[in-house]
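Undergrad: Handing you this structure, nothing more for now.
The values are calculated or read from the model by the stated rules, or taken from the named source; none is laboratory data. In this text, all values refer to a predicted model and were calculated from it rather than measured experimentally. Glycine also receives a Cβ, built like all others from the backbone with ideal geometry; neighbour counts cover every protein chain displayed.
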Amino acid sequence: MRGFETDQLRTFVMVADSGSLSAAAPKLFLSQSSVSEQLRKLEERAGVPLLTRGKKGAAPTPAGVRLLEHARRILALNELALQELRGHTLEGELRLAVTDYFRPGEIAGMLRRLRERYPYLRLHVTVMKSAAIDAAAGMDAFDIGLSMRLVGMRGQAGGGRGVLLRRESLAWVAAQGEAEGLPETLPLVLLPDTCSLHQFVTQLLVRKRLPFEIAHSASGVAGLHLALAAGLGMSCLNASAIGPGVAQLDAATTGRLRLPALPEAEFFLLPGKRGESAFIAEARHALAEQLM
């Protein structure tokens, strides 16, 4: 019995990760019609629907979710076999520092898939504040750093350097349904003042002469999200860090507050250090492919 075609599986995985056929097509270097045709053949081979499609994009069906895990492993083993035959397998220990604002709900799965693709790569991950990552860039605290910077802001470390992974919008957020109950003195839920986003938000509100107080200080983005969902105040988050129970405060609900506009955030891998090994340079390339 003939199995699945790897090209069709790769297309399926990319559509599931991208959220739509139109978003996946340029990443696969295919037309949208070619992506649709590959998915049709895959579903025909599977004998069950694998994706639901609508105005909001495409999402895996229950059967699609099951196939997605198999597809990732198949593609990872396929890649590993080719790398081993060519002698290009990543092997060694790598210390990675990641800002906790970077795709907090997805980063664990992304790193797991990286480990599946490179099983001989021993990855040690530390979650750090962006400012700490930037400050330690020239030291021996880690091999590769993944940091965040705000677009158009002066005086930020890493501006214009490194490998850009993604750009996300920033938004004012609070617990769902809490916008109307926000007082004139804004209750902020933020990370400690060593966090670059904490510094940006408080300085921005001071410049705009909007009164605020620190209602809650969380040690990490996960704790910050819990505090927001519990209704302890409002904050500023990048798009991928807005999770269940937290909603963006739009102009319709915050007109009386006159919240200032926010820039976008960029996530990037710090550039290589002088004299770094070929292994680390190759690992940076592999990370860029996996984390974009």
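Undergrad: Please verify whether region 37-45 includes one or more residues that are surrounded by fewer than 19 Cβ atoms within 10 Å (Cβ to Cβ), at pLDDT below 90 and not acidic (Asp, Glu).
TA: Within region 37-45, the first condition is being surrounded by fewer than 19 Cβ atoms within 10 Å (Cβ to Cβ), and the residues that meet it are 37, 40-41, 44-45.
Checking the rest, the ones that are also at pLDDT below 90 come to none.
No, the conditions are met nowhere in region 37-45.
Undergrad: Please enumerate the residues belonging to region 187-211 that are under 15 Å from Ser235 (Cβ atoms) and more than 28 Å from the chain's Cα centre (by Cα).
TA: Leu210
Undergrad: Next question, about the same structure. Considering only residues that are free of Cβ contacts under 8 Å to residues at least 12 places away in the same chain, in contact with a strand residue (DSSP E or B) (Cβ under 9 Å, 6 or more places away or on another chain) and closer than 23 Å to Arg166 by Cβ, which ones fall in region 19-47?
TA: Quick first cut of region 19-47, residues free of Cβ contacts under 8 Å to residues at least 12 places away in the same chain only: 22, 25-26, 29, 31-34, 37, 40, 43-44, 47.
Now drop any that are not in contact with a strand residue (DSSP E or B) (Cβ under 9 Å, 6 or more places away or on another chain), which leaves 22, 43.
Residue satisfying the conditions is Ser22 alone.
Undergrad: Could you please tell me which pairs satisfy a Cβ distance under 7 Å, a separation of 6+ or placement on different chains, a first residue in region 48-76 that is in contact (Cβ under 8 Å) with a residue 60 or more places away in the chain and closer than 16 Å to Gln8 by Cα, and a second residue that is surrounded by 14 or more Cβ atoms within 10 Å (Cβ to Cβ) and aliphatic (A, V, I, L, M)?
TA: Ala71/Leu9; Ala71/Val13; Ile74/Leu9; Leu75/Leu9; Leu75/Val13
Undergrad: Taking region 254-272 only, how many residues are modelled with pLDDT under 85 and surrounded by fewer than 17 Cβ atoms within 10 Å (Cβ to Cβ)?
TA: Qualifying residue count, region 254-272: 3.
Undergrad: For residues that are of a type in the set (A, V, I, L, M, F, W, C) and surrounded by 15 or more Cβ atoms within 10 Å (Cβ to Cβ), scanning just region 136-150, find the one that is modelled with the lowest pLDDT.
TA: Looking at the filtered set, the residue picked out is Ala137.
Undergrad: Within region 218-241, which residues are surrounded by fewer than 18 Cβ atoms within 10 Å (Cβ to Cβ) and either at pLDDT 95 or above or part of a loop (DSSP other than H, G, I, E, B) (or both)?
TA: Ser219, Gly220, Ala230, Gly231
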